[in-house]
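Here the structure comes first, spelled out in structure tokens, and everything after it is commentary.
The values are calculated or read from the model by the stated rules, or taken from the named source; none is laboratory data. Just so you know, these numbers come straight off a predicted model, no measurement behind them. Ideal geometry is used to build each Cβ from the backbone, glycine not excepted, and the neighbour counts take in all protein chains shown. For the accessible areas, the whole protein counts, side chains as well, though only heavy atoms, and no ligand, DNA or RNA atoms are used. Shrake-Rupley method; radii C 1.70, N 1.55, O 1.52, S 1.80 Å.
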Amino acid sequence: MLKLFCLTLIAIVLLVGNASAWEIKEVTYNTTTKELEITFILNPLEKILSFFIGGDLVKTIVENLVYGNYTLVSAGYDDAKIRLNGTVYFSEEVSVVLKMGNETEIILNTTLLNPEIYE
């Protein structure tokens, strides 16, 4: 019974993943830790699936929306943390909040983030 439930959830995730237009809600880059935190907007069905299957859904979303040289640190309910090893590209324009110690800057409407510029 549990196997059937898990297979059903995986099938729904695959269907939702192909049919959904995922959106990035917020992107924050900490120059000290070199970690990028991304928060997503999920539809109600995706929220339910994310509750049951956890970070696997968010991991899939990250792989479809963020490209480049990074390592996934953690994937939660509707957010993910990735460590930047180089330049990353976003599939849609985002605004990035840069936290540089005590200072904060915002990069508006960008599809590219090169961490070497902010070191």
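In the set (1) open to solvent by less than 70 Å² (accessible area, probe 1.4 Å); (2) modelled with pLDDT of 90 or more; (3) out of contact with any Leu (no Cβ under 6 Å at 6 or more places or on another chain); (4) of a type outside the set (Lys, Arg), Asn69 fails one condition alone, (1). Every condition in (1) surrounded by 12 or more Cβ atoms within 10 Å (Cβ to Cβ); (2) farther than 16 Å from Asn114 by Cα; (3) at pLDDT 75 or above is met by Pro44 except one, and the failing one is (1). Taken as a whole, the condition of being out of contact with any strand residue (DSSP E or B) (no Cβ under 9 Å at 6 or more places or on another chain) and charged (D, E, K, R) does not apply to Glu26.
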